[in-house]
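Just below is one structure, and these are the notes that go with it.
The values are calculated or read from the model by the stated rules, or taken from the named source; none is laboratory data. Every value quoted in this text rests on a predicted model; they were computed, and no experiment measured them. Cβ coordinates were reconstructed from backbone atoms using ideal geometry, including for glycine residues, and neighbour counts include every protein chain displayed. Note: areas computed on protein heavy atoms with side chains; ligands, DNA, RNA excluded. Shrake-Rupley method; radii C 1.70, N 1.55, O 1.52, S 1.80 Å.
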Amino acid sequence: MAAERGTAAEALVGQVVLPGDLLLLPAHYDEDAEGERLRLSAGTAPQGRLLCGPGLRRSGAGLLVTKCGLLRHRPAGGGAYWVDSQQKRYVPVKGDHVIGIVTAKAGDVFRLDVGGSEPASLSYLAFEGATKRNRPNVQVGDLIYGQFVVANKDMEPEMVCIDSSGKSNGMGIIGQDGFLFKVSLGLIRKLLAPKCEIIQELSQLYPFELVLGMNGRIWVKAKTVQQTLIIVNILEACEYMTPQQRKQALAKLSGN
Amino acid sequence: MAGEVKTKLSKNLLRMKFMQRGLDSQTKKQLEEEEKKIISEEHWYLDVPDLKEKESCIIEERSFLQCEDLVYGRMSFKGFNPEIEKLMIKINSKCKEEEIEEDDKMEADVSDEEMARRYETLVGTIGRKFLRKRDQRVLKDDDEDDEVEEGNSNTRPSKRAKKMFLKPQD
């Protein structure tokens, strides 16, 4: 079997890559068997380690692509490469903030549906200010915003609603009313980018509250049902609208 | 009868912390070394030549949070939910603070030398507060000793502590 020759990673940044492509990294990332660490190369050797993000896997001489999408690169902090791919199915990842729906109460633990292959578990002590006597008021069907503490392919995912210092920091039970709907994961990441235009334009329309879960779920609440539904429709449609179309639609609405 | 049999204390008892407070540092060190020897002799090890660990410079990561700079997922606009708006401000200012910290260092109001000088005298005065009265007096005498020796030679070593009535000179 002839080994495939790879291409330099820097050349493909911003381009479409397919699974099976091999990306070669600059010389100073290679593992040296003889013990030489820093080779004097033309470019400056970045400090720190290279981060190999989702869609990429480490393989011998470089990085192997496992998902199709656009290759992205971040030069800061040691550098990071990842593949920006589109998918609708969520796979639990440690550290992600997600919206879960309570499906069952089993003793001391709640079972949440997060859109993955297994229901996640959430202990009743994982809320801010919860003790054995002071239990949180969670019913079946409630929405919960929390983060994953354990999430791998071998174990059932576990969630908590507090951070490492014991503060809730906005996590916990999401209040009454509002509207929950599902979008693709790529749109969520676009909306969570700093200075997202869609969010900025929407915030000029009406007062409303928004919770974005990395599992593709969005919860919206505004003053009236009509306003809520307008925001929902815009968020669902804005994935495939150009900025001009979006501005037109919003102008029509604010004119109303 | 009483002095004949001395109860022998077990080794474990002697190894407890409260029995070792009275020992001096040398015997303590000896005991520690003996303990370490016992442990290291029982310690199992592989009789295999050392493989050099290849330290790789690539970390694999499945989360997008580490790669991209994502905002917190809970937001509120135009005052719909005041608590969440407060939280948004706090989180955003935390991000900005990290950026600013890298840039400039705050100028100190008091210079380092002055700080050291003040601290020197401060330690003495506060430390004296916690001494018992006798120690305080001794400390004060020592201070006076140093001062007086340079000055006049009028010395009344034992009775200086007592303040005698000073007769006014005519």
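Counting only protein heavy atoms and using a 1.4 Å probe, what share of the accessible area of segment A:179-254 belongs to carbon plus sulfur, as a whole percent? Roughly 57 percent of what the probe reaches on segment A:179-254 is carbon or sulfur.
If only the Cβ of Lys and Arg carry +1 and only the Cβ of Asp and Glu carry -1, the dipole of chain A around its Cα centre is close to 600 debye.
What total accessible area, in Å², is buried where chains A and B meet, using a 1.4 Å probe and rounding to the nearest 100? Write down the numbers at each step before the final one.
On the way: alone 15800 and 19290 Å², together 31110 Å².
Roughly 4000 Å² of accessible surface disappears when A and B pair.
Extension gain for B:Thr121 to B:Leu9 (0.36 nm times residue separation, less C-alpha to C-alpha distance): 35.4 nm.
Can you pull the percent of Cα pairs in segment A:179-254 with separation above 14 Å? In whole percent, the long-distance tail amounts to 59. Estimated purely from DSSP H runs of n ≥ 4, each contributing -39500 (n - 2.57), the mean residue ellipticity at 222 nm for chain A is -4500 deg cm²/dmol once divided by its residues.
Using the Cα centre of segment A:96-173 as the reference point, and only Cβ charges (+1 on K/R, -1 on D/E), how large is the resulting charge dipole? Debye, rounded to the nearest 20.
Working: 7 positive and 10 negative charges, 74 e Å.
I would put it at about 360 debye.
Would you kindly state how much longer the chain becomes between B:Ser93 and B:Glu60 on full extension, computed as 0.36 nm times their sequence separation minus their alpha carbon distance, in nm to one decimal? It would help to have the intermediate numbers written out before the result.
Values: separation 33, 0.36 × 33 = 11.88 nm, distance 3.01 nm.
Here the segment from B:Ser93 to B:Glu60 would lengthen by 8.9 nm.
Averaging over all projection directions, find the projected area of the Cα convex hull of segment A:96-173 and quote it in nm² with one decimal place. Could the numbers behind the result be given before it?
Numbers: hull surface 19.7 nm².
With every direction weighted equally, the projected area is 4.9 nm².
Compared with the dominant principal axis of the Cα atoms in chain A, helix A:225-237 is inclined by about 20°. Residues A:Val225, A:Val65, sorted by accessible area with the largest first, give A:Val225, A:Val65 [1.4 Å probe; ligands and nucleic acids excluded].
Counting alpha carbon pairs within less than 8 Å and at least 6 residues apart, what relative contact order, in whole percent, applies to segment A:179-254? Walk me through the numbers on the way to the answer.
Numbers: 66 pairs, mean separation 25.2, N = 76.
33 percent.
Taking the chain by itself as reference, segment A:91-109 contains these residues with an accessible-area loss of 30 Å² or more in the full protein complex (1.4 Å probe, heavy atoms): A:Val93. Label positions at A:Gln248 and A:Ser85, each projected 7 Å from the Cα along the C-beta direction, are separated by 3.5 nm. Comparing A:Asn152, A:Thr103, A:Ala130 along the charge dipole axis of segment A:96-173, the residue lying farthest to the positive side is A:Ala130, per the Cβ-charge model. In degrees, nearest 10, range 0 to 90: what is the angle between the Cα axis of helix A:243-255 and the longest Cα principal axis of chain A? Result, in degrees: 20.
Neighbours of B:Gly79 by Cβ distance under 14 Å: Lys/Arg scored +1, Asp/Glu scored -1, total +1. Solvent-accessible area of segment A:96-173 (1.4 angstrom probe, protein heavy atoms only): carbon and sulfur portion equals 48 percent. FRET efficiency for the A:Val150 to A:Lys105 pair, using the beta carbon distance and R₀ = 22 Å, is estimated at 0.65. At q = 0.19, 0.20 Å⁻¹, what base-10 log of I(q)/I(0) does the Debye formula yield for segment A:131-240 when every alpha carbon is treated as an equal point scatterer in vacuo? Debye curve over Cα of segment A:131-240, log10 I(q)/I(0) at q = 0.19, 0.20 Å⁻¹: -1.13, -1.21.
Length gained on full extension, A:Gln15 to A:Thr66: 16.9 nm, using 0.36 nm per residue less the C-alpha separation. Charge tally for A:Ser184 (other residues, Cβ to Cβ under 12 Å; Lys, Arg +1; Asp, Glu -1): +4. Here the mean projected area of the convex hull built on the C-alpha positions of segment A:135-187 is 5.7 nm². Computed with a 1.4 Å probe over protein heavy atoms only, the accessible surface of segment A:96-173 comes to 50 Å² per residue.
Around A:Leu202, what is the net charge, scoring Lys/Arg as +1 and Asp/Glu as -1 over all other residues with Cβ under 11 Å from its Cβ? Before the final figure, lay out each step's value.
Working: positive: A:Arg246, B:Lys78; negative: A:Glu197, A:Glu201.
Result for the neighbourhood of A:Leu202: 0.
Placing unit charges on each Cβ (+1 for Lys and Arg, -1 for Asp and Glu) gives segment A:161-222 a dipole about its Cα centre, and among A:Leu185, A:Gly166, A:Ser203 the Cα reaching farthest toward its positive end belongs to A:Leu185.
Working from Cα pairs under 8 Å separated by at least six residues, relative contact order for chain A is 13 percent. Each label point was placed 7 Å from the Cα along the Cα-to-Cβ direction; for B:Gln26 and B:Leu166 their separation is 5.3 nm. Going 7 Å from the Cα of A:Lys195 along its beta-carbon direction, which residues of segment A:217-256 have the amide nitrogen within less than 13 Å of the resulting point? No residues fall inside that zone. Among the lysines of segment A:179-254, pairs that are 8 or more positions apart or on different chains and have alpha carbons within less than 18 Å of each other number 4.
Calculated over chain A, the projected area of the Cα convex hull averaged across directions stands at 19.0 nm².
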